[in-house]
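Laboratory data are not the source of any read-out in this text; all were calculated from the coordinates shown. This structure is a prediction, so every number in the text was calculated from the model and none was measured. Here the Cβ is made from the backbone with ideal geometry for all residues, glycine too, and neighbour counts use every protein chain on show.
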Amino acid sequence: MTPATTDTRPLLEVRGLHMHFPVTEGIVTHRKVGEVKAVDGIDFTVRRGETLGLVGESGCGKTTTGRCILRLEKPTDGQILYDGVDIARAERKELLALRRRIQVIFQDPYNSLNPRMKVGEIIGEPIMVHGLERDTARRAARVRELLSVCGLDPKFADRYPHEMSGGQRQRVGIARALALEPEFIVCDEAVSALDVSIQAQIVNLLEDLRERFSLTYLFIAHDLSVVRHLCQRVAVMYLGRVVELAACDELFDNPLHPYTQALLAAVPVPDPSVEAERAFRPVKGEVPSPINPPSGCVFHPRCPLAVEGCKRVRPELRELRPGHWVACSEVRL
């Protein structure tokens, strides 16, 4: 992991964020019969200049959190303070100004680019929409510059997405995100759809861009090796809640929450002889449904430390070590 020069002031503060999706039945009445509690009360901050990793199993609420920050989904409750502005309650004019400062790199480079537009048009469109450069020639020059910054030949501006590989398409997606000169970028599984060799190139590119342009990232991922290489701090999510938050090396070397320990233990070891001798105990049971999550601590049905009180009381994040927060009442140092 590369050390980062970060500002201690938070650029983004998420407070008590909830995102519940209604479950309805009936063709005409659409009667509400339940809720999918995709995000169920989470808190974290992202400091200027840092990369915060948001990790967890599929369906834990990582992407929904990112979409709420981008206001692609309007949160059910809570605050998302970006440089003092509450994104959750911002009106159209405020959101338009924030769009320039907050951008996103999507997971799938094959579906996130318009197949009917050339690469130059894809990257130039946000510049034109936001009125940053109305002159066609200067806008085209800016597009070529962005392609070069992202490691692509400027001539790729005349290509269509289907003429490019997955890694090249993702570089186009990164160039598009940089087009508005943002401060904060949500990387939603930005490398998970790529080959391993290409993943390393994209991760190194993201790190270089962060240092070059003083960017701040929220890096959503499930690949822990990528997270350890790129992030300064890591938040672990389980069933819509943050269960542990710590500096990257601290979390990987000294995981305290039973779920984080199980998550790290599941990472395979490259050496076959070591892997064969390793004692791995998978977590018992299945992930509960977010429509009807367990009471109290959501991890208690699968937790080896669970006691009777875990069924009744929802544990809040508490700081057990400096900068190391854990949502478990049974963890002791």
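Tabulated data for the structure shown
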{"item": "Size of charge dipole - segment 1-137 - debye, nearest 20, with Cβ of Lys, Arg +1 and Asp, Glu -1, no other charges", "result": "260 debye"}
{"item": "Segment residue 278-residue 97, extension gain: residue separation times 0.36 nm, minus the distance between their alpha carbons", "result": "59.9 nm"}
{"item": "Built amide H within the under 5 Å cut-off of residue 11, gap 5+", "result": "46, 47, 48"}
{"item": "Packing-based exposure ordering (other Cβ within 10 Å, fewest first) of 164, 19, 117", "result": "117, 164, 19"}
{"item": "Where only C-alpha atoms are counted, convex hull volume of segment 210-290 per residue in Å³", "result": "120 Å³"}
{"item": "FRET E, pair residue 116, residue 211, Förster distance 41 Å, beta-carbon r, rounded to 0.05", "result": "0.70"}
{"item": "Centroid-to-centroid separation of segment 41-84 and segment 162-181 [C-alpha atoms, Å]", "result": "23 Å"}
{"item": "In degrees, nearest ten, helix 166-178 long axis to first principal axis of the chain (Cα)", "result": "80 degrees"}
{"item": "From phi via Karplus (6.51, -1.76, 1.60), per-residue ³J(HN,Hα) for segment 217-224 in Hz, x at Gly/Pro", "result": "10, 10, 9, 8, 7, 10, 8, 5"}
{"item": "Using alpha-carbon coordinates, inclination of helix 136-149 to the longest axis of the chain, degrees", "result": "50 degrees"}
{"item": "Whole-Hz ³J(HN,Hα) from phi, Karplus 6.51 cos²θ - 1.76 cosθ + 1.60, for segment 44-50, glycine and proline x", "result": "6, 10, 10, 7, 4, x, 9"}
{"item": "Rounded FRET efficiency, nearest 0.05, which uses the C-beta distance separating residue 200 from residue 140 and R0 of 25 Å", "result": "0.20"}
{"item": "Cα shape, segment 96-160, gyration tensor, a/c 1.5 rule", "result": "oblate"}
{"item": "Segment 23-142 - Kirkwood radius from inverse mean 1/r over Cα pairs (Å)", "result": "17.7 Å"}
{"item": "Exposure proxy order (Cβ contacts within 10 Å, fewest to most) of 105, 27", "result": "27, 105"}
{"item": "Too-long pairs where the Cα-Cα distance tops 21 Å, listed order kept, from 37/93; 32/93; 284/311; 74/311; 93/118", "result": "37/93; 32/93; 74/311; 93/118"}
{"item": "Rounded to 10°, Cα long-axis angle of helix 196-213 versus longest principal axis of the chain", "result": "70 degrees"}
{"item": "Cα-Cα P(r), the chain, percent of pairs per 10 Å interval", "result": "5, 23, 31, 24, 12, 3, 0"}
{"item": "Cα centroid separation - segment 186-248 against segment 253-272, whole Å", "result": "17 Å"}
{"item": "Normalised per residue, the volume of the convex hull around the Cα set of segment 112-204 (Å³)", "result": "98 Å³"}
{"item": "Net charge over other residues, Cβ less than 11 angstrom from the Cβ of residue 74 (K, R count +1; D, E count -1)", "result": "+1"}
